[in-house]
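Presented below is the structure to which this report refers.
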Amino acid sequence: AWQRQWCEIRRLEDLEVGVELKLKSSEDGHLLNCIQVPRSATLCRTDSRSKQFAFGVFNLRKVNKKAVLFLAGMNESHSQEWMISIRKMLSIASYIPVGESNFRISFVDSSHSRSAGLLGLYGVLNANSQEIMVSDPCTGAPKVVWKWYHFHQFHIQATSENEDWKKIIVMHTS
């Protein structure tokens, strides 16, 4: 069951374990749980019957691939901010600065993105006249490249959350 808790995050200087998450009853409250997140963890949006903006921290090296932790923001932007903060702390390398024509993105995972093998995809989006590419935010290496003909529609997702206004783009592929 979901409970509102205070979450403190701290980067660790360990090669295997990158982040420590402390869950408390309130900012000054007592410690409820302390979770160490491996650098190999994947963060992605997940389905929840009660929390629209839930995301999970998954340890993909474990056999069962269960979530280490589930968290939820107040809106999509809030969840994405948390996810990028945790990802930055898990990364050993620094993020490359993003230019004017590039955008830091994170996929809102759906059944379609999961079936396409794009679970937890994030990075820097760049588009030119030939293709759309998502590259690694630290190395700049391409993670995925699509030709324009793979897409047949783009639209801005309608949202009731002011912070999410004009921030969620839906890409329809063929």
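How about segment 1-64: which strands (runs of 3 or more DSSP E) wholly inside it have at least 1 residues that are modelled with pLDDT under 90 and in contact with an Asp or Glu (Cβ under 9 Å, 6 or more places away or on another chain)? Lay out the reasoning, then the answer.
Working: elements: 6-11, 17-24, 31-38, 42-45, 54-58.
Qualifying strands (runs of 3 or more DSSP E): 6-11, 42-45.
Evaluated against (1) within 24 Å of residue 166 (Cα to Cα); (2) exposed (fewer than 14 other Cβ atoms within 10 Å of the Cβ), residue 82 falls short on exactly one condition, (2). Scanning segment 65-96 for residues that are charged (D, E, K, R), out of contact with any helix residue (DSSP H, G or I) (no Cβ under 6 Å at 6 or more places or on another chain) and either part of a loop (DSSP other than H, G, I, E, B) or over 20 Å from residue 135 (Cα atoms) (or both) gives 65, 66. Selection over segment 103-151 of residues that are modelled with pLDDT of 90 or more and either in contact with a His (Cβ under 6 Å, 6 or more places away or on another chain) or of a type in the set (S, T, N, Q) (or both) gives a count of 6.
Inspection of segment 149-163 finds no residue satisfying the criterion of being among the aliphatic types (A, V, I, L, M) and surrounded by 14 or more Cβ atoms within 10 Å (Cβ to Cβ). Residues in segment 91-129 that are loosely packed, with under 10 Cβ neighbours inside 10 Å and under 19 Å from residue 147 (Cβ atoms): 101, 117, 128, 129. Looking at 21, 60, 31, 43, which one is aliphatic (A, V, I, L, M), in the same structural domain as residue 80 (by TED's automatic domain parsing) and farther than 25 Å from residue 109 by Cα? It is 31. In the set (1) closer than 28 Å to residue 170 by Cα; (2) over 17 Å from the mean Cα position of the chain (by Cα); (3) not aliphatic (A, V, I, L, M), residue 30 fails one condition alone, (1). Restricting segment 33-86 to residues that are of a type in the set (S, T, N, Q) and under 19 Å from residue 123 (Cα atoms), the residue that is nearest to the chain's Cα centre (by Cα) is 80.
Scanning segment 56-79 for residues that are loosely packed, with under 15 Cβ neighbours inside 10 Å and closer than 25 Å to residue 17 by Cα turns up 60, 61, 62, 63, 64, 65, 66, 70. Scanning segment 119-136 for residues that are out of contact with any helix residue (DSSP H, G or I) (no Cβ under 8 Å at 6 or more places or on another chain) and under 19 Å from residue 91 (Cβ atoms) gives 120, 123, 124, 125, 134, 135, 136.
The values are calculated or read from the model by the stated rules, or taken from the named source; none is laboratory data. This one's a predicted model, so the numbers in the text were calculated from it and none came from an experiment. Glycine also receives a Cβ, built like all others from the backbone with ideal geometry; neighbour counts cover every protein chain displayed.
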